[in-house]
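These notes concern the structure reproduced below.
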Number of protein chains: 4
Amino acid sequence: MVVMKEGASQAQVEAVAARVKDVGAQAHVSRGELVTVIGVIGDREHVGNLGLEAEPGVDHVVPISKPYKLASTQYKRGERTMVDIDGRRVGGPHFMTIAGPCTVESRESLLDTARTVRDAGAQLLRGGAYKPRTSPYSFQGLGEAGLRLLAEAKAETGLPIVTELIDVRHTEAVAEVADVIQIGARNMQNYGLLTEAGRTGVPVLLKRGLSSTIEDLLMAAEYVLKEGNENVILCERGIRTFETAYRFTLDLLAVPVLQEQTHLPVIVDPSHAAGRRDLVEPMSLAAAAAGADGIIVETHPEPERAICDGPQALRAEHFADYLRRLEQAAALAGKELQAV
Amino acid sequence: MVVMKEGASQAQVEAVAARVKDVGAQAHVSRGELVTVIGVIGDREHVGNLGLEAEPGVDHVVPISKPYKLASTQYKRGERTMVDIDGRRVGGPHFMTIAGPCTVESRESLLDTARTVRDAGAQLLRGGAYKPRTSPYSFQGLGEAGLRLLAEAKAETGLPIVTELIDVRHTEAVAEVADVIQIGARNMQNYGLLTEAGRTGVPVLLKRGLSSTIEDLLMAAEYVLKEGNENVILCERGIRTFETAYRFTLDLLAVPVLQEQTHLPVIVDPSHAAGRRDLVEPMSLAAAAAGADGIIVETHPEPERAICDGPQALRAEHFADYLRRLEQAAALAGKELQAV
Amino acid sequence: MVVMKEGASQAQVEAVAARVKDVGAQAHVSRGELVTVIGVIGDREHVGNLGLEAEPGVDHVVPISKPYKLASTQYKRGERTMVDIDGRRVGGPHFMTIAGPCTVESRESLLDTARTVRDAGAQLLRGGAYKPRTSPYSFQGLGEAGLRLLAEAKAETGLPIVTELIDVRHTEAVAEVADVIQIGARNMQNYGLLTEAGRTGVPVLLKRGLSSTIEDLLMAAEYVLKEGNENVILCERGIRTFETAYRFTLDLLAVPVLQEQTHLPVIVDPSHAAGRRDLVEPMSLAAAAAGADGIIVETHPEPERAICDGPQALRAEHFADYLRRLEQAAALAGKELQAV
Amino acid sequence: MVVMKEGASQAQVEAVAARVKDVGAQAHVSRGELVTVIGVIGDREHVGNLGLEAEPGVDHVVPISKPYKLASTQYKRGERTMVDIDGRRVGGPHFMTIAGPCTVESRESLLDTARTVRDAGAQLLRGGAYKPRTSPYSFQGLGEAGLRLLAEAKAETGLPIVTELIDVRHTEAVAEVADVIQIGARNMQNYGLLTEAGRTGVPVLLKRGLSSTIEDLLMAAEYVLKEGNENVILCERGIRTFETAYRFTLDLLAVPVLQEQTHLPVIVDPSHAAGRRDLVEPMSLAAAAAGADGIIVETHPEPERAICDGPQALRAEHFADYLRRLEQAAALAGKELQAV
């Protein structure tokens, strides 16, 4: 949809229409009292490449059709995608809980956490072996040793593993251990990484970038989907705004709006947005009540001793209670925590 | 707390300390390996006026104490303010529901809505007689005639009235009818208006400005409180961010963070942030689950015919069901809807 | 322009078209392969009131025509408004410089500043008698005594006065002294104030709110213009973003974009955005080079002793040099500082 | 600097001090009338890992020292880094101009542009062989064929080449052709990529992420610098804000603030922020007048036929004039365009 400036000449309108037709699209001119609008029907890419915004007489261009295809609700004709991870499901009526430490630190602490969250009823175990850190001087994760510990925790507890992929060169190693590959917020637009993650066939948990729009997130999902990997789980984890009283602003409106625009499940990470343990539970309940399809949350047996993000980790001893309240909140939105 | 630049000279440190002592405050100098820091203890206003940020050698100034006093949790030593409006309470364990049309349109439609929301269990009736509108060509409200209709609706239904004050010249007329005076987001820093609202002694519902921080909001509340009016209710209603998929971004982290920093009740307006009816319920449940002290929501018997903000108004016929689910969400956070 | 959802039914399309016609507007339906779009031609207000966003089958509504009229470039058919203040002009080829203290503090300091900025070549004197302050405990200005000092400074130096109006009850007193009435960022959407300022007939300097869009600013200008007051000067002064390294983010793209959309002059306030003296000059030169129609800047004979905003005030002794460089930057954009 | 809550107990203060001492740092307790503050002197990483924010009685933690080291002004004791690219310098008094197409499209069009920008006086040629694109359906660049064309353009014109690296697997191929490796905004926190770019020893042009703070950008630079690569050029290219009237908000305050905090050169990309050709020149002049160390700008012989970002490309035929005006703006800030 091309909106012409007030006062655009007939010749300018015709020039735009001609360029549109050049690429095989149709142009429908409607003249209003003040403004002339040219409706364009055709391939979005081709028309977008014309750069009509810069044509003389053009005021602005409004894209009408959505730029994503495979991620859209229409693509599956309204059916919801339910991702099945070793018998645990997320999406549709299924509410999923993923818990564990920010980063894998030691065998003992990981196994301890894994048993606690399993016994409390969590369905997947999260833990970072590779950590993207703002500072090059921060601990960057245990790497392959961390992956081995995650494999051990899975063998021991039966919990499927969610772990982050941050570098295309680690794809094979991560895919071997991970039941879900996490793509972090900083890498949401790392297209090589999205493509490689897509190719593994392993389900992908895709976190929203901290200044990414809903549409950006769905376009990033499209990179995974187009590799034939249909198991994408989206995750809202807070966006950057002017407010400095908390780390990020958790954007829960994104939950129902995403669920309207895409068939993919949408979960929430309350830990990173809040940055503080006491805010994690209220935000978890809020996310579940808003209709989220699940939660990914950090827990630690002794947060004071955590190497990374201790202040936002739930204490393992409170985790079972937390999960009970979360279940009630999810029920309000018609979702059920699956008994494992 | 004054942080000096690396490499600041001894003379610069002393000059800052001298200026601090000039206004009767104390200066404690601590020298780190890289940076020297000067702790300042004294009156925040006096020290702030020194403009130390611009002294030679100063890197930045970090205020440690909070700038608000009467609004702070410490001021009431942890006790929660419960505002009582004609027997309806908000704050502490009490969850309050305020409902009604965006704007007062006609006698019939207002009375109709008032009866519906009362019968469903809402505690207060909202309705705008004076409307702040972005466009001078939009309907600006019925004014005094609107106030008279609100008075009639109160007489008829017994519901106390929440209505907005947008101009100091209307203070008396609004205060006569209003049981709660609303100060809208656009006027959150209209200090004359805050002061006049404070002086009426009528409880004040203060909405967060669309780019106001938590601290700005509490400073605005301070303007009302300092007039001796202790009945201030804060309201989160969405902030402006880069996301354009919805009108505003509802910032629910503000709820528990405000409740930590202030003794005042904190409610949420899901209608204005969402801008769309189908998003109002998920955001209402989320707000209640996050621990909000209440909700203010728009309802209309026939939203298609509403003069203003129809698309975001709940249908009156669904309101009783909505309220039942809201009650359950509030219960999760330990709050109770009061039977009236 | 109403964009229907993919899969919207024929009946839904017809229902929307029928509602549009109900209010006397025209509806043109164009069916694309995926999406149906309904072009609506008619009164923007009437159509806007229909709330079509909430009709079944509607995806979203895109307004095509601009909501402001008197402020638009089209309204004056491309002619630029030049505001004339006692022989000093701003707009078109004329670059205007406004300087003075943040707030009027004392007779001596005001007169001292006034003489310095006049001798350096500034054209107008700014100074606040009424100050909107975030904290109720901050100095709120000298009020009427401040206005009297401004009148005296004008009598003494011949400089016209720019001073802020913050309360409708001060309108008459301020209009008597002010050659330009400033509406501050916090009051940009205080519609009663805009209307009263418009009615005085005195030129109005309208600052952009800290989270106001270009369109919001032009709608606010419309409130002044519709009172028959054509002398409105717009002012960019920094917006709120996630960046905390400076007070506000100065948005210089707003300058050429505003100049394209409106005939009104656009000036820049570099002092409030930067918050620090050493950033004021680079931002002033940048604003002038970007094509701004003028600058409003804070100066103080002894910033260390300023009651308010001292850290951002230019030292009076450097002001003449500053103005010379500013003149060169303005010349790059084809603007001239007027010799007085 | 740990700020305790009002009312924190003596035991809580001592517990915090004890944990600080545990990691070998010092704790200085200062008791104010209302608030107790604990100054901590020691290794930032170790102290940061304690997660003191979550200790009982702690209100918040304020980091005083900067987290970056090699990038800081102090590290080079005030000396400016001047990056020398084949005899062309940027930084200190040297203003650098980089121009060329968004993406390499064809031999003819690239050579044509290269000759034009060289003849006009530009110092480096930019052009993308690998393009990060929001949509997987958009043209992703010519890849290695594009690199070969860039090498040919360099051989033909003598202009050094700036081209983007988006995937660690392309590092060797890109480093062979590039005289400057560009890291784009989307990859600013792709730490593997930063490290690999650092290791090549080739100068790195690092673009600010669209929601990255000044500090984030300097931390990203630190990843390159710590590999022993001292030739890093920073680039402001617009940030994401609520304003939708332009693509991004160009943040020119970042220029002088970065120049204060780091010794690295800071250039500006006006093309991507503006998104429209007619806004590129005003923003370029503004950037130069604000003291930027250079500009990177898109030009195209025939923007209407550009595959990518045509609307924002300067027309090659106007480029020489543009450069002359840019030279004057840079001169205002004391910078000189180098004759080649």
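What 222 nm value per residue comes from the helices of the protein assembly as shown, counting each DSSP H run with n ≥ 4 as -39,500 (n - 2.57) and dividing by all residues, nearest 500 deg cm²/dmol?
Using -39500 (n - 2.57) per qualifying helix, the result is -10000 deg cm²/dmol.
Which of A:S211, A:S284, A:S271 moves most in a GNM of chain A, Cα contacts under 10 Å?
A:S211
Number of Lys pairs in chain D with C-alpha atoms less than 28 angstrom apart, excluding same-chain neighbours closer than eight positions?
20
Rank these by accessible area, largest first, 1.4 Å probe: B:E144, A:E260, A:E215.
B:E144, A:E215, A:E260
Be a star and scan segment B:317-333 for residues whose amide nitrogen sits under 20 Å from the point 7 Å along the Cα-to-Cβ vector of B:E302.
From segment B:317-333, the list is B:317-320.
Per residue of D:256-264, what is the mean number of Cβ atoms on other protein chains within 10 angstrom of that residue's Cβ?
Mean shielding by partner chains, rounded to a whole number: 3.
Under a plain spin-label model, where a point goes 7 Å from the Cα along Cα-to-Cβ, how far apart in nm are A:A18 and D:A320?
Here the modelled spin labels are 3.0 nm apart.
Considering only DSSP beta bridges whose two residues both sit in segment C:134-257, what percent are antiparallel, to the nearest 5?
Close to 10 percent.
Starting from 0.36 nm per residue, how many nanometres of slack lie between D:E260 and D:R77 once their C-alpha separation is accounted for?
64.7 nm
Report the Cα centroid-to-centroid distance between segment B:270-293 and segment B:195-261 in angstrom, as an integer.
Between the Cα centres of segment B:270-293 and segment B:195-261 lies a distance of 16 Å.
Could you give the length gained by full extension between C:S9 and C:D119, i.e. 0.36 nm per residue of separation minus their alpha carbon distance, to one decimal place?
Length gained, C:S9 through C:D119: 32.4 nm.
For the pair D:S106 and B:Q338, what calculated FRET efficiency results from E = 1/(1 + (r/R0)^6), where r is the Cβ-Cβ distance and R0 = 60 Å, to the nearest 0.05?
0.25
Find which of A:G32, A:V180, A:L323 sits farthest along the positive direction of the dipole of chain A, computed with +1 on the beta-carbon of Lys and Arg, -1 on that of Asp and Glu, about the Cα centre.
With unit charges placed on the Cβ atoms, the residue in question is A:G32.
Just check the protein assembly as shown against the gyration tensor rule for me: Cα atoms, a ≥ b ≥ c as the square roots of the eigenvalues, rounded for a/c under 1.5, and otherwise prolate or oblate depending on whether a/b exceeds b/c.
In terms of gyration-tensor shape, rounded.
Full-extension gain between C:R31 and C:H46, please, as 0.36 nm times their residue separation minus the C-alpha to C-alpha distance.
So the chain would gain 2.9 nm between C:R31 and C:H46.
Rounded, prolate or oblate, given the Cα gyration tensor of segment C:221-332, with a/c below 1.5 counting as rounded?
Working: a/c = 1.65, a/b = 1.52, b/c = 1.09.
Prolate, since a/c reaches 1.5 and a/b exceeds b/c.
What gaps in nm, shortest first, separate D:D278 from its twins in the other copies when you place the label 7 Å past Cα toward the beta carbon?
3.9, 3.9, 5.5
Using Cα springs under 10 Å in a Gaussian network model of chain B, which residue among B:S109, B:S135, B:S212 shows the largest mean-square fluctuation?
Highest fluctuation of the listed residues: B:S135.
Taking square-rooted eigenvalues a ≥ b ≥ c of the alpha carbon gyration tensor, is chain B rounded, prolate or oblate, where a/c under 1.5 means rounded and, failing that, a/b exceeding b/c means prolate?
The shape class here is prolate.
Which residue fluctuates the most in chain C, going by a Gaussian network model with Cα springs under 10 Å, if the choices are C:A289, C:A11, C:A185?
Result for chain C, Cα springs under 10 Å: C:A11 fluctuates most.
Looking at the axis that maps chain B onto chain C, which chain B residue has the closest Cβ, and how far off is it in Å, rounded to a whole number?
B:S211, 2
The values are calculated or read from the model by the stated rules, or taken from the named source; none is laboratory data. Since the model is a prediction, treat every value here as computed from it, not as a measurement. Quick reminder, even Gly has a Cβ in these numbers, built from the backbone with ideal geometry, and neighbours come from all protein chains shown. All accessible areas refer to the heavy atoms of the entire protein, side chains included, with ligands and DNA or RNA removed. Shrake-Rupley method; radii C 1.70, N 1.55, O 1.52, S 1.80 Å.
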